[in-house]
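Enquirer: Below you'll find the structure I mean.
The values are calculated or read from the model by the stated rules, or taken from the named source; none is laboratory data. From a predicted model like this one, the values you see are computed outputs, not experimental measurements. Don't worry about glycine lacking a Cβ; one is built from the backbone with ideal geometry, like all the others, and counts go over all protein chains shown. What goes into the accessible areas is simple: the full protein's heavy atoms, side chains included, and nothing from ligands, DNA or RNA. Shrake-Rupley method; radii C 1.70, N 1.55, O 1.52, S 1.80 Å.
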Amino acid sequence: MRWSISIPQFDLTGDDAPALRSYLARAEALGFEGGWTLEQALGAAPVLAPLEVLAYAAACTERLRLGVAVLVSTVHDPLQLAAAATTIDRLSGGRLDLGIGTGGPSRRFAAFGVERATFIARFTEGVELMKAAWSPDPRISFTGRFRQLEDVAIAPKPIQRPHPPLWFGGHADAALARAVRHGDGFMGAGSATTAAFAEQVGVLRRELAAQGRDGSGFRIGKRVYVTVDADADRARQRVLAGIDRIYGGRLRDAAAVAVAGTAADVAGGLAAVIDAGAETVVLNPVGAGVPEDHDQMEQLAAEVLPQLL
């Protein structure tokens, strides 16, 4: 098992920088493998952009892997996204994990100039173009449906070879098959219940066998919205308020996806996630600011994780 922690992104300003630096340093000291961000380009929640937060985190850490799960890469220019990922990878000394997904048919693609009918084709072509940009070739040519390049120089290249690990998101069987076909891992959404995640893991394992892939080279993880408190009812109220801040009340299964309660309750909920097939868990406290999330991280490390060793 590998444990990671979310990086606070709620409306931080320069005044919050010392607290965020302390949070990141403490995450490293506590032994977390990685720190992860999420993307919400549209929505009422004041969430800072994930890659920019990771670039800041790269300057504040030495060992912590830096992940995002997931970017809706369909609405990003592949070459610019590849360049941004390369920058973070190089500045961090090769510590980036890049999570990507299609966004699903309900995404507001028109806001980004993307036709809904093309979002899957754009996603797949974008992945192919990013991998071409990351290739060791100093100049690349690419002929696709949406983009064409002829003998274009691209530099520099990422430290991690052949590229930073690509974690795919999604829930439909076709999305899970794409994850196995094109990715290095799968990150289950925080909005997915443990039962739904277990079903996704079953599909992934069948796809790994069907596509002839070695499962040991394909990581499976899950983000978990979590709150620990000696008062179990208060913990559940706090986690639901936090999830509501992220999703604006649009997540109908908030109570079902959250893992909250006493340290024993949370350990039991996380054990179920592990039993469902998670090899990496991103613990995501959902406080209103860095201090609250920092307190949660300390409690998780001191009271919960020792029960799962």
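Enquirer: Show the residue pairs that are 6+ apart or on different chains and have beta-carbon atoms under 7 Å apart, the first residue being within the range 11-34 and surrounded by 15 or more Cβ atoms within 10 Å (Cβ to Cβ), the second being at pLDDT below 90.
Expert: Between residues of the range 11-34 that are surrounded by 15 or more Cβ atoms within 10 Å (Cβ to Cβ) and residues that are at pLDDT below 90, the close pairs are Leu20/Leu12.
Condition check ((1) farther than 14 Å from Ala276 by Cα; (2) among the hydroxyl-bearing types (Ser, Thr, Tyr); (3) touching a Leu at 6+ places or on another chain (Cβ under 7 Å)) across all residues:
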site: Arg147; (1), (2), (3): yes, no, yes
site: Asp151; (1), (2), (3): yes, no, no
site: Ile159; (1), (2), (3): yes, no, no
site: His163; (1), (2), (3): yes, no, no
site: Phe186; (1), (2), (3): no, no, yes
site: Thr194; (1), (2), (3): no, yes, no
site: Gln200; (1), (2), (3): no, no, yes
site: Leu204; (1), (2), (3): no, no, yes
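Enquirer: Continuing with this model, one more query. Which ranges mark the strands (runs of 3 or more DSSP E) fully within the range 1-100 that have 2 or more residues being within 25 Å of Ile243 (Cα to Cα), within 18 Å of the chain's Cα centre (by Cα) and of a type in the set (Ser, Thr, Tyr)?
Expert: Because the criterion is at least 2 residues that are within 25 Å of Ile243 (Cα to Cα), within 18 Å of the chain's Cα centre (by Cα) and of a type in the set (Ser, Thr, Tyr), the strands (runs of 3 or more DSSP E) in the range 1-100 that meet it are 2-6.
Enquirer: Moving to a separate point now. Pick from Ala276, Ala260: which is surrounded by 17 or more Cβ atoms within 10 Å (Cβ to Cβ), touching a residue at least 60 places away in the same chain (Cβ under 8 Å) and farther than 26 Å from Ala25 by Cβ?
Expert: Ala276
Enquirer: Another one. Condition first: among the basic types (Lys, Arg), in contact with a Gly (Cβ under 7 Å, 6 or more places away or on another chain) and open to solvent by 10 Å² or more (accessible area, probe 1.4 Å). Can you find one or more residues in the range 118-128 that meet it?
Expert: no
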